[in-house]
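Trainee: This structure is in structure tokens; I'll ask about it shortly.
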Amino acid sequence: MLDALQTYFDALYECDVEALRRVFHPRAIYVCPTGEDLVYWTMDEYFPVVEARTPPAARGEIRRDAVEAISFAGPKTAFARVRCSIGEKYFTDFLTLILDQGRWRIISKVFHFDLLPEEDKAPCHT
């Protein structure tokens with residue numbers, strides 16, 4: 001489970017769509033109610049958005065990845081509350097994972113984001 005979450009964080013930081021394809025179930029959904037309009041995408045809609053981004057790694061952004069909680073609803077179903085940042089946004093993601101053919105995969109991503117305070121937006125060039 002933690003390996004899947006680390007792959008998720010790394011893939012977002014690098015904008016690595018192939019890694020995201022490995023960690024997301026092909027029929028997963030992506031949902032964000034934060035803005036005025038509800039965002040509800042399939043993976044076919046989500047992956048091109050990631051692919052078009054400049055990777056946070058290329059901008060030297062500070063990583064703010066954190067697994068806050070994992071709960072299990074049986075041997076094949078789990079819920080993870082995680083946090084990360086991309087650009088000026090700080091995300092709280094609710095990830096539902098299933099054990100599919102021997103590996104944990106995200107079947108739903110529902111999230112909220114806040115804007116980072118100005119002092120936290122400066123990139124780190126280490």
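The values are calculated or read from the model by the stated rules, or taken from the named source; none is laboratory data. Model, not experiment: these values are computed from the prediction. Because the Cβ atoms are built from the backbone with ideal geometry, glycine has one as well, and the counts that use them run over all protein chains shown. Heads up: the accessible areas ignore ligands, DNA and RNA and are worked out on the full protein's heavy atoms, side chains in. Shrake-Rupley method; radii C 1.70, N 1.55, O 1.52, S 1.80 Å.
Trainee: Would you point out which residue out of Ala28, Ala11, Ala58 is assigned to a helix (DSSP H, G or I) and either at pLDDT 95 or above or open to solvent by 30 Å² or more (accessible area, probe 1.4 Å) (or both)?
Mentor: Ala11
Trainee: Select, from Ala69, Ala78, the only residue that is surrounded by 17 or more Cβ atoms within 10 Å (Cβ to Cβ) and not in a loop (DSSP other than H, G, I, E, B).
Mentor: Going through Ala69, Ala78 in turn, the sole match is Ala78.
Trainee: Within region 48-96, which residues are of a type in the set (Phe, Trp, Tyr) and farther than 19 Å from Ala28 by Cα?
Mentor: Tyr90
Trainee: Within the bounds of region 37-51, is there any residue that is open to solvent by 70 Å² or more (accessible area, probe 1.4 Å), in contact (Cβ under 8 Å) with a residue 60 or more places away in the chain, in contact with a strand residue (DSSP E or B) (Cβ under 9 Å, 6 or more places away or on another chain) and in a strand (DSSP E or B)?
Mentor: no
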